[in-house]
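The values are calculated or read from the model by the stated rules, or taken from the named source; none is laboratory data. Computed from a predicted model, the values in this text were never measured in an experiment. Glycine also receives a Cβ, built like all others from the backbone with ideal geometry; neighbour counts cover every protein chain displayed.
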Amino acid sequence: MFPKLIILSLFILYNLNAFAQERLATWSDSTTCNLNVDVGNMNEMSSEIIYEKGSPKLKLLRLKDSSSEKVDEVETDRADIFFWIKAPLRGEYVFETTVVRENLDSFTGNPPTLFAKIQVDNQRPTKRIVSDARNYYHHDLGKFHLSGEKQQLKIWLPKGVCLEKVVIKKYVPPIVPADVKNYTPSITPPEGHPRLWVTPQILPLIKKRLEHAENAEAWQKIEKVARRTFHFVPSRHEILHYPELEEAVQDKAFFYLVLNDSVIGREAVRLTLDYLSVLEFGNIRFGDITRKIGSAIYTASLVYDWCYAIISEGERHILYSHLMRLAEEMEIGWPPFKASVINGHGNEAQVNRDLLAMSIAVFDEDPVPYRYTSYQVLEQLVPMRKFEYQSPRHNQGVDYGAYRLGWEMHAAWLFYRMTGRRVFDNNITGLSKYWLYMRLPDGEMLRDGDMFSVSRNGNPYYWKHPETMLLLYSYANDPLAKAEFYRQGRIPDNPLLFLLINDPNLEANPDRSSLPLTIDFGSVLGSMVARTGWDMGMNSNDVVAEIKGGGYHFGNHQHSDAGAIQIYYKGLQVCDLGLYSYYGSSYDFSFNKRSIAHSMMLVKDPGEEILFNTKFNDGGTRFNQRFPLTPQEVKSDPWFNNGEVLSADFGPSKQKPFYSFFKADLTKAYSEKMSRYTRSFCFLNLNRDDIPAAIILADDVLAAKSGFKKEWQMNTLTKPTNEDSCIILQNSRNGSEGKTYVQMLQPEPAKRQTQILGSADLGKLYGPQVTVSSNIPEANGYHVLISPTKKSRHSKFLTVFQMANEDVKPLPVRHYEKGGKYFIYMADYVICMSSTTGQNQDSFSLSISGNNERKVLLTDLSPGEWTVSSSDKKVEFNRKVSANQNTIFFEASPGEYQICPVRD
């Protein structure tokens with residue numbers, strides 16, 4: 001009897017399993033398919049069902065403790081669970097998983113990333129993230145192609161997660177904007193190949209340049225790689241980004257291009273096909289994986305174009321299919337409209353190099369990709385940059401600016417080489433000035449934007465981004481930028497790009513002294529950098545100073561720093577604080593990008609609303625993380641208004657000026673808490689070894705309410721001292737110390753309150769702060785905060801900075817205020833500046849005492865003709881004051897002088 005019962009039980013169990021295997025999940029095109037684990041077929045040998053605590057209880061699938069995971073094995077036996085599915089239509093679908101993470105409390109740091117293995121029918125298995133430190137429970141596994149017929153979805157689980165369900169959704173690509181659908185590009189790729197970087201007309205020039213001594217080293221590197229066999233055998237195991245293979249493929253394709261060696265050319269084609277057949281990025285989205293995806297697209301595009309003549313039609317179809325598959329995985333998506341090409345990651349390589357190169361390469365077979373990418377570059381990016389680059393500096397700062405401009409220069413070059421036309425406005429050729437002028441004598445840079453290239457051990461380093469310098473100097477034919485490229489060590493890891501665009505007949509000019517000592521960056525990104533010389537090195541006695549303010553704010557990596565100043569003398573004296581480690585972190589949005597990290601004016605309105613997920617009210621300018629898309633938007637939307645440059649001038653010699661003057665109305669950079677605010681900056685090159693420079697800084701602040709606390713803030717790296725109402729800053733290079741004496745003339749000492757706080761002590765003023773643990777100097781700097789003791793809507797600050805060598809004492813300063821003007825006497829200078837926000841329009845007198853001739857600088861004069869005359873009439877001359885400069889400079893002997901506007 002018992003054997004009959006056993007047979008009957010086995011028969012029933014077999015039929016139940018058969019029923020489970022045949023259970024088919026189907027869904028309509030417009031609905032989502034939810035595959036809970038109880039509708040799947042579980043492998044009872046490896047996995048088990050458990051129930052999550054709570055109500056209602058959820059069925060979960062996990063690996064048995066006695067089982068080992070098979071995720072990393074290519075050839076495996078039965079999956080831990082599989083589902084029968086039938087999609088409503090053939091096409092692309094998105095798989096998502098919901099899991100429960102086990103033993104989360106056991107991790108002291110971030111739990112590790114866990115992958116499951118996924119397979120549809122007998123396609124190549126793929127690994128996908130199902131839980132990581134950012135998201136424990138829900139993950140988009142990426143896109144999978146379903147046939148519309150009955151298929152089997154197999155899953156192998158990792159240890160440490162319990163599967164609740166799989167969700168399948170129809171993939172919906174990014175929407176193509178209406179303007180793009182019928183767009184006809186004004187510039188299109190020429191017939192034939194090659195047309196990426198090289199055309200048949202340009203190719204002879206590239207070949208000829210290979211013979212030049214300057215290009216010999218790079219050519220030898222490429223020839224060595226091209227002639228060496230690269231061993232790569234694809235298998236069923238997917239791989240992730242192989243940069244060595246990509247380099248070999250590019251070099252071999254170029255070698256074929258210039259020498260017509262079809263054997264090596266065919267090797268480049270075969271390697272590319274084999275590589276793309278197993279290249280899989282899955283659903284990895286951290287670490288900016290899109291840059292690696294783009295690198296593969298770019299490499300395959302070069303092969304497609306350069307080796308076109310030796311690629312069969314079938315192979316071209318395979319390459320095209322892989323290119324489009326990878327394009328869909330890009331962060332910007334495909335069609336490439338999930339992000340903007342103006343700012344953010346969309347402004348990097350994705351469109352400017354990778355997808356643009358792809359669209360040019362496949363244009364004959366499919367012109368649609370070029371329509372999309374050319375629209376973004378020609379109709380969106382080019383007009384915006386024409387407007388922005390009227391100021392020859394980058395709004396994303398020193399580091400991100402160099403990185404992103406480098407990709408824009410790829411687009412500029414690709415169009416230029418393809419058609420002979422420069423599609424970007426010519427002002428893009430002046431951007432190298434930004435990095436030349438931001439350079440400090442010790443090799444570092446003045447800080448601007450999110451900086452990831454900072455000294456990690458307190459020792460100076462030479463900031464570099466040579467690839468961008470290469471792209472700039474070759475495009476602009478700029479010998480100074482080429483010299484900077486060589487100072488930065490060239491690009492030994494990218495000899496191909498060097499050979500494509502370097503003109504060996506352009507001789508580098510290392511002499512920076514041909515550059516004026518001061519640069520006015522214009523009105524779009526209002527700012528000025530002034531220096532006493534171009535002596536570079538650790539023993540330099542030069543002073544470098546910067547003032548920002550006016551123009552527009554473009555969000556993202558740009559900081560809330562309108563009005564900020566920086567001063568370098570034997571090290572940073574007045575500087576930015578804060579570190580950039582992770583975008584959008586509490587520290588990043590509460591300190592690093594905010595006004596509190598910069599030397600500028602703070603006005604505290606306790607009721608001010610601070611946007612973008614931060615609660616910290618530092619009293620600074622509006623915190624902005626939104627960026628404009630068009631010149632019309634940036635000019636018309638008040639949100640982007642960062643104030644207005646009122647005056648910018650330097651002279652009398654433009655090459656080696658005695659003075660550099662800058663004034664900005666910064667009211668609009670703040671919220672409505674600020675009724676009116678101007679900051680004036682006057683840099684004096686004293687032409688002395690002991691005190692090489694001085695700066696006069698004047699602030700006129702009118703707050704909306706008298707109860708709003710005003711704080712004049714100055715940040716520095718080393719702890720300042722406060723002696724006889726003079727704040728002393730210091731830094732040193734190579735054993736030589738430099739000091740900055742900061743003397744506030746207004747408010748007077750009895751009418752102001754001074755605090756010196758370390759960054760970690762800001763909680764004493766603003767409540768608990770988000771800090772960062774680091775030995776990098778900018779993480780642990782000091783804030784000097786000066787406030788008027790009397791509450792008032794209107795406050796004025798007048799401050800003199802003197803940069804002095806070692807133990808040299810500062811020069812005496814005499815000043816008085818009369819008729820809405822400051823008169824400041826220091827060394828052999830007499831400076832007249834407005835003590836209000838307005839310009840001087842009326843006559844005034846000036847007294848020069850002593851026995852020696854003085855340099856006289858009159859600022860804030862209204863435009864038009866002015867007369868300067870001495871009381872004895874021995875001196876009398878007219879000067880025309882230009883709008884937006886508003887200065888007169890002359891040298892005068894002691895005596896009384898009358899300055900009068902010429903009335904019509």
**Message:** Looking only at residues that are under 19 Å from A213 (Cβ atoms) and of a type in the set (D, E, K, R) in the range 467-511, which one is surrounded by the most Cβ atoms within 10 Å (Cβ to Cβ)?
**Reply:** K482
**Lone qualifier among N477, N494 - being at positive phi, in contact with an Asp or Glu (Cβ under 8 Å, 6 or more places away or on another chain) and not assigned by TED's automatic domain parsing to the domain that holds V634** = N477
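Given the range 394-509, what helices (runs of 4 or more DSSP H) lie entirely inside it while holding 3 or more residues that are over 22 Å from the mean Cα position of the chain (by Cα) and within 30 Å of S736 (Cβ to Cβ)?
479-487
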**Asked** With respect to G401, is the statement that it is under 30 Å from P516 (Cα atoms) and at pLDDT 95 or above true?
**Response** yes
**Request:** Give me a count of the residues in the range 48-71 that are within 27 Å of V94 (Cβ to Cβ) and under 47 Å from the mean Cα position of the chain (by Cα).
**Result:** 10
**Fill in**
Expected output for the range 36-53 (first residue outside the structural domain of K86 (by TED's automatic domain parsing) and more than 16 Å from R23 (Cβ to Cβ), partner among the charged types (D, E, K, R) and in a loop (DSSP other than H, G, I, E, B), Cβ below 6 Å, 6+ apart or cross-chain) is none
**Item:** Candidate set: the range 874-896, residues that are over 48 Å from the mean Cα position of the chain (by Cα) and in a loop (DSSP other than H, G, I, E, B); chosen: the one modelled with the lowest pLDDT
**Value:** K874
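Rundown of residues vs (1) touching a residue at least 24 places away in the same chain (Cβ under 8 Å); (2) assigned to a loop (DSSP other than H, G, I, E, B); (3) not basic (K, R), yes/no style:
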residue	(1), (2), (3)
H322	yes, no, yes
K338	yes, yes, no
I342	yes, yes, yes
L355	yes, no, yes
M358	yes, no, yes
F363	yes, yes, yes
L381	yes, no, yes
**Request:** Could you please tell me which pairs satisfy a Cβ distance under 9 Å, a separation of 6+ or placement on different chains, a first residue in the range 403-422 that is at positive phi, and a second residue that is at pLDDT 95 or above and among the polar types (S, T, N, Q)?
**Result:** G420/T199; G420/Q201
**R291 closer than 30 Å to F424 by Cβ, touching a helix residue (DSSP H, G or I) at 6+ places or on another chain (Cβ under 7 Å), charged (D, E, K, R) and surrounded by fewer than 18 Cβ atoms within 10 Å (Cβ to Cβ)** = yes
**Request:** Kindly provide the set of residues from the range 299-318 that are buried (at least 22 other Cβ atoms within 10 Å of the Cβ) and either in a helix (DSSP H, G or I) or out of contact with any helix residue (DSSP H, G or I) (no Cβ under 9 Å at 6 or more places or on another chain) (or both), ordered by number.
**Result:** T299, A300, S301, L302, V303, Y304, D305, W306
**Item:** In the range 57-112, the residues that are among the aromatic types (F, W, Y) and buried (at least 17 other Cβ atoms within 10 Å of the Cβ)
**Value:** F82, F83, W84, Y93, F95
**Prompt:** Is one or more of the residues making up the range 851-873 surrounded by fewer than 19 Cβ atoms within 10 Å (Cβ to Cβ), of a type in the set (F, W, Y), farther than 19 Å from P657 by Cα and at pLDDT 95 or above?
**Reply:** no
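Condition check ((1) among the β-branched types (V, I, T); (2) in a loop (DSSP other than H, G, I, E, B)) across all residues:
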{"position": "L811", "(1), (2)": "no, yes"}
{"position": "C832", "(1), (2)": "no, no"}
{"position": "S847", "(1), (2)": "no, no"}
{"position": "N851", "(1), (2)": "no, yes"}
{"position": "V856", "(1), (2)": "yes, no"}
{"position": "T867", "(1), (2)": "yes, no"}
**Prompt:** Hey, any hits in the range 252-261 for a residue that's out of contact with any strand residue (DSSP E or B) (no Cβ under 8 Å at 6 or more places or on another chain) and not in a helix (DSSP H, G or I)?
**Reply:** yes
**Odd one out for K143 among (1) surrounded by 15 or more Cβ atoms within 10 Å (Cβ to Cβ); (2) without any contact (Cβ under 8 Å) to a residue 60 or more places away in the chain; (3) under 37 Å from the mean Cα position of the chain (by Cα); (4) in the same structural domain as K64 (by TED's automatic domain parsing)** = (2)
**Request:** Go through the range 650-677 residue by residue and tally those that are surrounded by fewer than 24 Cβ atoms within 10 Å (Cβ to Cβ) and either among the aliphatic types (A, V, I, L, M) or in contact (Cβ under 8 Å) with a residue 24 or more places away in the chain (or both).
**Result:** 17
**Prompt:** Tell me, which residue of the range 430-463 that is polar (S, T, N, Q) and surrounded by fewer than 21 Cβ atoms within 10 Å (Cβ to Cβ) is farthest from S514 (Cα to Cα)?
**Reply:** N457
**Prompt:** Looking at P200, P185, P189, which is the one that is farther than 30 Å from S277 by Cα, assigned to a loop (DSSP other than H, G, I, E, B) and touching a residue at least 12 places away in the same chain (Cβ under 8 Å)?
**Reply:** P185
**Message:** Taking the conditions exactly as written (crowded, with 19+ Cβ neighbours inside 10 Å, farther than 30 Å from V258 by Cα and out of contact with any helix residue (DSSP H, G or I) (no Cβ under 6 Å at 6 or more places or on another chain)), does G333 satisfy them or not?
**Reply:** no
**Request:** With respect to L196, determine if the residue is closer than 26 Å to E328 by Cβ and either loosely packed, with under 14 Cβ neighbours inside 10 Å or of a type outside the set (F, W, Y) (or both).
**Result:** yes
**Request:** Mind listing just one residue for me: the one in the range 113-136 that is farther than 19 Å from D80 by Cα and in contact (Cβ under 8 Å) with a residue 12 or more places away in the chain and, of those, surrounded by the most Cβ atoms within 10 Å (Cβ to Cβ)?
**Result:** D132
**Prompt:** Does E876 satisfy the condition of being surrounded by fewer than 17 Cβ atoms within 10 Å (Cβ to Cβ), touching a residue at least 60 places away in the same chain (Cβ under 8 Å) and outside the structural domain of L697 (by TED's automatic domain parsing)?
**Reply:** no
**Prompt:** Filter the range 363-393 for residues that are of a type in the set (V, I, T) and surrounded by fewer than 22 Cβ atoms within 10 Å (Cβ to Cβ); which is farthest from the chain's Cα centre (by Cα)?
**Reply:** V368
**Fill in**
Counting only strands (runs of 3 or more DSSP E) wholly inside the range 699-754, the ones holding at least 2 residues that are crowded, with 19+ Cβ neighbours inside 10 Å and touching a residue at least 12 places away in the same chain (Cβ under 8 Å) are 709-716, 726-733, 736-746
**Message:** What's the total number of residues in the range 536-555 that are among the acidic types (D, E) and in a strand (DSSP E or B)?
**Reply:** 1
**Asked** Between a first residue in the range 218-235 that is assigned by TED's automatic domain parsing to the domain that holds D251 and a second residue that is buried (at least 18 other Cβ atoms within 10 Å of the Cβ) and of a type in the set (D, E), which pairs have beta carbons less than 6 Å apart while being 6 or more apart in sequence or on different chains?
**Response** I222/D251; V225/D251; A226/D251
